[in-house]
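Enquirer: There's a structure below that I have some questions on.
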Amino acid sequence: MSTPVRLQYLELKSRYPDTVLFFRLGDFYETFDDDAKLVAQELQITLTSKPMGKDLRVPLAGVPYHSIDGHIAKLVARGYRVAVCEQLADPADVKGIVPRDVVRVVTSGTVTSEASLDPSAPNELAAFVIRRDGPAVAIADITTGEVRLAAGAEAMAELLRSVPAELLVEDEFDLPPSLGGTIRRRPEAGELAVEAALANQFGENARANLVQTAAEAAALAHLLLYLKETYPAGLGALQRVRRVADEGVLTLDQRTLRNLDVMPQPGRSSSLLQVLDETRSAMGSRMLRSWLTRPLRSELELGRRHDGVEWAAGHPIEREQCRSVIRGVPDIGRLAGRLGARAASPRDLHGLRTGLRATLDLGAILSRGELPAILARTLAGLAASAESLATLDEALDDDPPPAFDEGGVIRAGFSPEIDSLRAQTSDARGYLLGIERLERERSGIRSLKVGHNRVFGYYIEISSSNVHLAPAHYQRRQTLVGAERYVTEELKEHESRLVGARDRLVELEKQAFGQLLESLCAVLPQLQAVAEAVATIDVLLDLGQAAAARNYVRPRFNQGERVHISGGRHPVVEHSLGPGRFVPNDCVFDEDRQIVVLTGPNMSGKSTFLRQVALIALMAQAGSFVPATDADLPLFDRIFTRIGAQDDLAAGQSTFMVEMVETAQILHQATPRSLVVLDEVGRGTSTFDGMAIARAVVEFLHNRKEVRPRTLFATHYHELTTLAAVLPRVENAHVAVREDGAEVVFEHRIVPGPSARSYGIHVARLAGLPAPVVARAEHLLAELESQRPAGPGKPAADPPPLLQPSFFAGPSPVEAALAAIDPDGLTPIEAIQKLYELRALLPASVSG
């Protein structure tokens, strides 16, 4: 038969079968049965056993209560859900079994412990649904209370650039296989459940005020219902819902962010975020990350951001004064999140007060002169600190303890009853000294001492040599080596009064603290606005610092599709090389130049140039100044990249298949407002197949009116350079190379025209291939080049199959005429006429 505690555990475990259940027993959180085996293995702690009934021993593994957060963090990071069961009463006050219940379930998307969180990155929970009116996604960071909604085409784009820690779905087939994070299947939310969830959280008019589609309502409801199951207190932090506008954000998927090294990633030494992020607060670091992954398409809002960066770059004294203040501001955003969940401690509120006081200092510095609109707007957010700061100063002690055990949380003068009880408890030492003096006089024992410990309470201690002098009314309590301890009725009465006063003091301070929390929660949106204002200022000052220190310039935007970058530089490579060592390059796109086919040797800088153009566009639309001497850009709607090669083994896709899938997505989704970067398309298959695919891709991007993006196309297929002769908006460029005797010098300059050679053998020599291999390769290359066709129409005799003339050698008159035709712009009569013209161009031997 099982013990009552065992039965209590089994009942709770049956309610949370898919979790690892930590069961509070005294000063430990214990796990049992299979959970204990799993925890012992994952956390590398001892697996033991415990008797839990007659002839019943069960596996057990436990951790001390004070270290639980770190252990939960490890399990959650490995994909487990962890249920935390707490004791709901003090065991000393309960006769029989202590009541217990699960107070929360910790998952990857609902974790709030600092041990589990990266202060510079959000930790998000998302829900993605599809309804008749289309898809929608709701994304929440419960550590700060931020909630975002996106619908339609923007829903998947927002999901892909966010990469939430945990994603709730009704049907996993709705998602791309490459999506990371933990995915949890949820039952479909019915209309009544959706309406009730929204109304309970945001009020009766939530459906009308917050969402526009049934899909948005369902996605938001899924978040709320999941939090109600796992972390009900976390719902208190969700106060504001923001919509991601369909036309407001430059679309970037995770592949593009990865290819451009925008975010840190394993195996890479640096990233754009690491180069730019010298923010002084965790809030600012998270906002900078958001700006870089969600660049804007609004010229008005971008102008405001650039105005703020320009002010920061041009006011170095004020900039450094403000940054010095921000350095001392704690993470108000996550403190507000804990506050909303009613999980804030006295030290949390002390940190919040410190931060709010600093924000007023920040506002005072910024108010000294004229500010651009974006910074002036943040002053209103900072001003909201005053009310909460006054509330905290009135109630919270100047230096509160971390817990309520000994009092001292509430400021003196806030509550007369608390002040009275505190006086009684604080005078305990004086009272003991008085008792000690009186008992020495009564007993004549000069070495008599009065003391206290947690086990026996208050006592009188007499050395063994004086025990015979102890008064008769002393009651023996404890025998020590060389001493005896006693109590008296007077001492027991005083202890009872003191313990009662202390317990009452703790109770009243907890009540007052709870009232303080509720007062602050009533203005939680204001505190979240303060956090956003500090983050915005921090990011603008950071970008201003980068602009001033690294000679970044303010970009301009045009309403057309013109790109004109003078002296562009790759921000990450330039930072790693140091000042003055990076070779800048220009980039121009206009009505006559839509596609640039870039050739040149390996290691010469082709990929760097491709990435730097994309990064300059991204930085400009994020609100940053850019590494160039001048930049005139359109407002791109998307940036696409096809760079690098890797297998997707989990999806059963080879390197070439991954390359083709990514290229297909670009061809289907690009528009004339897009920027496309393609590096070595077609290299994952045979030479002729690869060249054919590469040429077809270029022609598609050039000829389709509904596509026609600005395109940088790097390739080693030199045959593709002939496209510039037949496609009017294609131009060639190459990386300059200087030959100095047997040595080859890569100049890293992008110059017009095609490259003459690939210099692959030179790169092989630099890579350390054995000298005999390099020599043999040079000999074979000479043989192959001696058989290369001399030019169009002049093939060498019997060339090897690899070098057989093809359509890559140069266009025929018919091909040239075909390439110049715009089929979408022809009337039926004009199309027939063109056919006759093309037929007339055919040789007589063919047309006859």
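The values are calculated or read from the model by the stated rules, or taken from the named source; none is laboratory data. All of these numbers come straight from a predicted model, not from anything done at the bench. Backbone-built Cβ (ideal geometry, glycine too); neighbour counts: all protein chains shown. Side chains are part of the model used for accessible areas, which takes the heavy atoms of the whole protein and leaves out ligands, DNA and RNA. Shrake-Rupley method; radii C 1.70, N 1.55, O 1.52, S 1.80 Å.
Enquirer: How would you rank 120-129, 629-638, highest first, on the average number of other Cβ atoms within 10 Å across their residues?
Expert: Ranked by mean Cβ neighbours within 10 Å, highest first: 120-129, 629-638.
Enquirer: Can you tell me the length gained on complete extension of the stretch ALA736 to GLU370, counting 0.36 nm per residue apart and subtracting the Cα distance? Write out the running numbers ahead of the final one.
Expert: Working: separation 366, 0.36 × 366 = 131.76 nm, distance 4.81 nm.
Extra length available between ALA736 and GLU370 comes to 126.9 nm.
Enquirer: Report, for the chain, the % of DSSP beta bridges that are antiparallel, rounded to 5.
Expert: Percentage antiparallel, nearest 5: 65.
Enquirer: Turning to a different aspect of this structure: Describe numerically, in nm with one decimal, the distance between label points set 7 Å from Cα along Cα→Cβ at THR629 and at GLN274.
Expert: 3.1
Enquirer: First obtain the Kirkwood hydrodynamic radius of region 287-395 from its Cα pairs, then insert it into the Stokes-Einstein equation at 20 °C and 1.002 mPa s, and state the resulting D in µm² per second as a whole number.
Expert: Details: Rh = 15.6 Å.
D, rounded to a whole number, is 138 µm²/s.
Enquirer: Now, a different point. What order do you get for 304-314, 341-351, 444-454, 571-581 when each peptide is scored by the mean count of other beta carbon atoms within 10 Å, highest first?
Expert: 304-314, 341-351, 571-581, 444-454
Enquirer: So if R0 is 60 Å, what FRET efficiency would PHE688 and ALA77 give, r being the distance between their Cβ atoms, rounded to the nearest 0.05?
Expert: With R0 = 60 Å, the Cβ-Cβ based efficiency is 0.80.
Enquirer: At 18 Å minimum axial length over the Cα atoms and a Kyte-Doolittle cut of -1.0, report the qualifying DSSP H helices in the chain, or say none.
Expert: The qualifying helices are 214-230, 299-314, 346-366, 428-443, 489-521, 524-550, 606-622, 655-669, 687-703, 771-786, 828-841.
Enquirer: Just the Cα atoms of region 552-677: what Rg and Dmax do they give in Å?
Expert: 15.8, 46
Enquirer: Something else now. In terms of modelled amide H atoms, which long-range or inter-chain residues lie less than 5 Å from the amide H of VAL262?
Expert: LEU272
Enquirer: So how far apart, in nm, are the two label points at ALA840 and ALA764 if each is 7 Å from Cα heading toward Cβ?
Expert: About 5.2 nm, to one decimal.
Enquirer: Tell me, what is the FRET efficiency for LEU300 and TYR431 to the nearest 0.05, using R0 = 56 angstrom and their Cβ-Cβ distance as r?
Expert: My answer for the efficiency is 0.20.
Enquirer: What's the extension gain from ALA196 to THR671 if we count 0.36 nm per residue and subtract their Cα-Cα distance?
Expert: 166.9 nm
Enquirer: May I pose another question? Ignoring any ligand, DNA or RNA, what whole percent of the accessible area of region 53-137 comes from carbon and sulfur when the probe is 1.4 angstrom?
Expert: 52
Enquirer: Please compute the alpha carbon radius of gyration of region 384-479, then divide it by the globular-protein estimate 2.2 N^0.38 Å. Two decimals is fine.
Expert: Details: Rg = 20.6 Å, N = 96, 2.2 N^0.38 = 12.5 Å.
Output field value: 1.65.
Enquirer: Need one number: nm distance between label points at ARG258 and GLN475, each 7 Å from Cα along Cα→Cβ, rounded to one decimal.
Expert: Reported label-point gap for ARG258 and GLN475 is 7.3 nm.
Enquirer: Taking amide H positions as placed in the peptide plane 1.01 Å from N, state which residues far from HIS748 in sequence (5 or more) or on other chains have amide H under 5 Å from it.
Expert: It is ALA736, by chain and number.
Enquirer: Counting each DSSP H run of 4 or more residues in the chain as -39500 (n - 2.57), what helix-only mean residue ellipticity at 222 nm follows after dividing by all residues, to the nearest 500 deg cm²/dmol? Write out the running numbers ahead of the final one.
Expert: Values: 29 runs with 372 residues, N = 848.
Result for the chain: -14000 deg cm²/dmol, rounded to the nearest 500.
Enquirer: OK, next. Return, ordered by residue number, the residues of region 678-714 whose backbone nitrogen is under 11 Å from a label point located 7 Å along Cα→Cβ of GLN833.
Expert: Under cut-off, by backbone N: nothing.
Enquirer: Of all DSSP beta bridges in region 1-110, what percent run antiparallel (nearest 5)?
Expert: 85
Enquirer: With no solvent and one equal point scatterer placed on each C-alpha of region 19-89, evaluate the Debye formula and give log10 I(q)/I(0) for q = 0.12, 0.22, 0.24 Å⁻¹, two decimals.
Expert: -0.29, -0.94, -1.10
Enquirer: Give me the orientation-averaged projected area of the Cα convex hull of the chain, in nm², one decimal. Present the calculation step by step, with values, prior to reporting the outcome.
Expert: Details: hull surface 213.4 nm².
Convex hull of Cα atoms, orientation-averaged projection: 53.3 nm².
Enquirer: Same structure again: Heads up, I need the accessible area for LYS510: 1.4 angstrom probe, whole protein in place, Å², nearest 10.
Expert: Ignoring ligands and nucleic acids, LYS510 comes out at about 110 Å².
Enquirer: If I take R0 = 30 Å and measure r between the Cβ atoms of ALA208 and ALA233 in this structure, what FRET efficiency does the formula 1/(1 + (r/R0)^6) give, to the nearest 0.05?
Expert: 0.65
Enquirer: Mind checking the dipole of the chain: about its Cα centre, +1 per Lys or Arg Cβ, -1 per Asp or Glu Cβ, Debye to the nearest 20?
Expert: Here the chain has a charge dipole of around 1120 debye.
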